[in-house]
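The values are calculated or read from the model by the stated rules, or taken from the named source; none is laboratory data. All figures in this text were calculated on a predicted structure; none of them were measured in a lab. Cβ placement follows ideal geometry from the backbone for every residue including glycine, while neighbour counts extend to all protein chains displayed. Each accessible area value is taken on the protein alone, full model and side chains, heavy atoms only, with ligands, DNA and RNA left out. Shrake-Rupley method; radii C 1.70, N 1.55, O 1.52, S 1.80 Å.
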Amino acid sequence: MSRIAVIDFETTGISPGMGDRATEVAIVLTERGRVVDRFQSLMNAGVRIPSFITQLTGITNAMVASAPPAERVMAEAARFVGEVPMVAHNASFDRRYWVAELARAGLPARQPFACTVLLSRRLYPEAPSHKLGTLVDHFQLPRTGQAHRALADAEMAHELLGRIQHDLRARHGVAEPDHAFLMALQACTRAALPKFFRARAT
């Protein structure tokens, strides 16, 4: 499958297991590295946003009060993604919210997640850090909007993914760095990378 869905959530905190909820979701649908569609929505989960989160994201309680219910937004997001595999920056975070919010809507979350944090750690150990904004600046990728808003962060993660896939082709001889390849690469230790690339290069 050549399509990948790059996702980002804004939330009230770090863990849905501690009662935190999503306040915004954005998904950039790509095909062979090109953006073919976008989905973005605030969502009303019926919880208050802490002031420090509002300071970080700019998302206020008034904004989510007029937003659609979280269950409706997640049902639309699930239809938008379908069976397309997913990518996120720090995917363990976004995947937790994807699973938890879909479960609240009574929907499964079957999509595998690749992580641009893990991939960047494998490929770019020299980077000053592996935060999204730092990597975007390090590689002089376009900043697509306000950081810590879901669509801007999803689009920047898409730009980073494109750089990763380009470098896999150009520097490591990987003919098709598709989602399955990315999943295998992120599971590989740095010490094992030379053997990994030799086995998979064309």
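Laid out as a table, the results:
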| quantity | calculated |
| --- | --- |
| So G162, is it surrounded by fewer than 21 Cβ atoms within 10 Å (Cβ to Cβ) and either free of Cβ contacts under 8 Å to residues at least 24 places away in the same chain or at positive phi (or both) | no |
| Residue in the range 5-14 that is out of contact with any Leu (no Cβ under 6 Å at 6 or more places or on another chain), open to solvent by 30 Å² or more (accessible area, probe 1.4 Å), in contact (Cβ under 8 Å) with a residue 12 or more places away in the chain and of a type outside the set (A, V, I, L, M, F, W, C) present | no |
| T144 being under 25 Å from V73 (Cβ atoms), open to solvent by less than 60 Å² (accessible area, probe 1.4 Å) and modelled with pLDDT under 95 | yes |
| Test: residue in the range 19-39 that is of a type outside the set (D, E, K, R) and farther than 20 Å from A152 by Cα | yes |
| Residues that are touching a residue at least 40 places away in the same chain (Cβ under 8 Å) and touching a Gly at 6+ places or on another chain (Cβ under 8 Å), drawn from the range 127-151 | Q146, H148, R149, L151 |
| Complete set of residues in the range 15-41 that are open to solvent by 40 Å² or more (accessible area, probe 1.4 Å), among the β-branched types (V, I, T) and either touching a Cys at 6+ places or on another chain (Cβ under 6 Å) or touching a residue at least 60 places away in the same chain (Cβ under 8 Å) (or both) | V35 |
| Helices (runs of 4 or more DSSP H) lying entirely in the range 139-202 (those with 2 or more residues that are under 30 Å from L56 (Cβ atoms) and out of contact with any Asp or Glu (no Cβ under 8 Å at 6 or more places or on another chain)) | 150-172, 179-186 |
